[in-house]
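The values are calculated or read from the model by the stated rules, or taken from the named source; none is laboratory data. All figures in this text were calculated on a predicted structure; none of them were measured in a lab. A quick note on method: Cβ atoms are made from the backbone with ideal geometry, for glycine too, and the neighbour counts reach across all protein chains shown. All accessible areas refer to the heavy atoms of the entire protein, side chains included, with ligands and DNA or RNA removed. Shrake-Rupley method; radii C 1.70, N 1.55, O 1.52, S 1.80 Å.
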There are 2 protein chains.
Amino acid sequence: MEVPLPASRPLRADAQRNREALLSAARQAFLAGDTDAHVKDIARSAGVAIGTLYRHFETREALIEEVYRTEVDVLCAAPGELLDQHPPEEALRRFLLLLVDHAAVGKGMSSVLEAIMATDSPVFDDARTRMADALSLLLHAGSAAGTVRDDVTGPTLLRALGGICGMRATEGWLAEARQITALLFDGLRHGAPQAA
Amino acid sequence: MEVPLPASRPLRADAQRNREALLSAARQAFLAGDTDAHVKDIARSAGVAIGTLYRHFETREALIEEVYRTEVDVLCAAPGELLDQHPPEEALRRFLLLLVDHAAVGKGMSSVLEAIMATDSPVFDDARTRMADALSLLLHAGSAAGTVRDDVTGPTLLRALGGICGMRATEGWLAEARQITALLFDGLRHGAPQAA
DNA sequence: ACCTAAACGGAACCGGACTCACCTTATGGA
DNA sequence: TCCATAAGGTGAGTCCGGTTCCGTTTAGGT
């Protein structure tokens, strides 16, 4: 129950191996669509006992978050690149769709994005903050350029996207989600100082 | 486990009393904000045993749905009235905000609205269908009048709203939700045949 | 080799929803 | 009025997850 600090002391070799096995097993399960895989199964398919799982991760949620941390990293790096290559408005549009599409990579990812975006769970505080910052960056760039309204904050928009990702469940959800996101985007432009 | 058909045979007097007590206790709890009140507590505060609760309601979810059925009825009646008193576009705007505000009446309502709107649970099939129909009505009226885009369906919009209601959790969520809803509305008008 | 802190294992626990076999009582017909 | 009987009520018990705890094992430094 005391997740070792990142660099407190290098993990023992076997511990390192197990930790990785757990992450890999969990990733496997989530990407396979088993959004709510049981901790026991994850542990078993990692060739480890539950106790070991809990030595490495405070809770089931914490394990999940760790699995997706790299995904979140990738996502949060996107805005910078997008702004380099596109005008702010377009960068924002692309990022919104990128998020939604990302949520589609296996049902697993979307449920985590949702958890990150739509809940208050302290486990996701870090991820949430980073993603809200990423959005703020885009919104500010857009409103500075006058093509995006300036009264919407990163965190607010993040919540909305979280809600949209919460739509996953039905057959055609991705199409629906994209459509709604486009709608939201139109709404963001609509109130812009100098736009339609 | 076999919810009596509405009018198969009039419930025995005591059964009727208990059923009502359960609904009332549940309503009480949900409106008080205890979104995930335990079935035992609900049963206890209704003065009956768990078994009795389960005689009347298939599952916890079913009880919840029943509690909110009347709410949903009210909500679904609104579009008709709104269309009588306002142009389609304005009726739509008002209805969207009405939904969000309704979700704010106690955290309980919002979680149920969310469950109705954002999941596939068969328990809410009925409510979901009715609400999607209500939205379709407004959307059609709006697109017929040329003030609302015509490529968004009731069910899709319902999902989006469900997502937004899923935002409840944080302090300022209502303000955020209203803002996002307004954004969505702007988006709906944006692609309209003859609009901005 | 030996020692010890680190890591592991897994039975036990706990907190929920839900079930079931048995008991209680409303009710309608004699 | 009273009884038969089926509708209704009961609550201990089951099931199913996540989580904890402590005795055992082992990596890895001396």
Give me the inter-chain shielding for A:144-156: mean count of other chain Cβ atoms within 10 Å, whole number please. 2
Pop out the ³J(HN,Hα) list for the stretch B:30-46 in order, Karplus 6.51 cos²θ - 1.76 cosθ + 1.60 with θ = phi - 60°, rounded to Hz; leave Gly and Pro as x. 5, 5, 6, x, 7, 3, 10, 4, 7, 3, 4, 5, 4, 4, 4, 6, 9
A:ILE164 accessible area, nearest 10 Å², 1.4 Å probe? 10
With +1 on each Lys and Arg Cβ and -1 on each Asp and Glu Cβ, how big is the dipole of the stretch A:13-58 about its Cα centre, in debye rounded to the nearest 20? 140
Debye intensity ratio in log₁₀ form over the Cα atoms of the stretch B:13-58, taken at each q of 0.15, 0.20, 0.21, 0.27 Å⁻¹: -0.31, -0.55, -0.60, -0.94
Net +/- balance of residues flanking B:ILE50 in space, Cβ distance below 14 Å, scoring K and R +1, D and E -1: +2
B:ASP101: accessible area at probe 1.4 Å, nearest 10 Å²? 50
With a point put 7 Å past each Cα toward its Cβ, work out how far B:ASP133 is from A:GLU81 in nm, to one decimal. 4.8
How much accessible surface does B:LEU184 have with a 1.4 Å probe, in Å² rounded to 10? 0
Give me the one-decimal nm value for the distance between modelled label points at B:LEU31 and A:ILE50, 7 Å along each residue's Cα-to-Cβ direction. 4.1
Spin-label point model (7 Å from Cα, Cβ direction): what's the B:LYS40 to B:SER24 distance in nm? 2.5
Summing both sides, how much accessible area is buried between B and A? Use a 1.4 Å probe and give Å² to the nearest 100. 2400
Ordered shortest first, which distances in nm separate the 7 Å Cα→C-beta label point of B:ASP133 from those of the other copies? 5.0
Farthest positive-ward along the stretch A:17-111 dipole, Cα basis, beta-carbon charges - from A:HIS102, A:SER45, A:LEU63: A:SER45
Just to confirm a number: summing +1 for Lys and Arg and -1 for Asp and Glu over residues other than B:ASP126 whose beta-carbon lies under 10 angstrom from that of B:ASP126, what do you get? +1
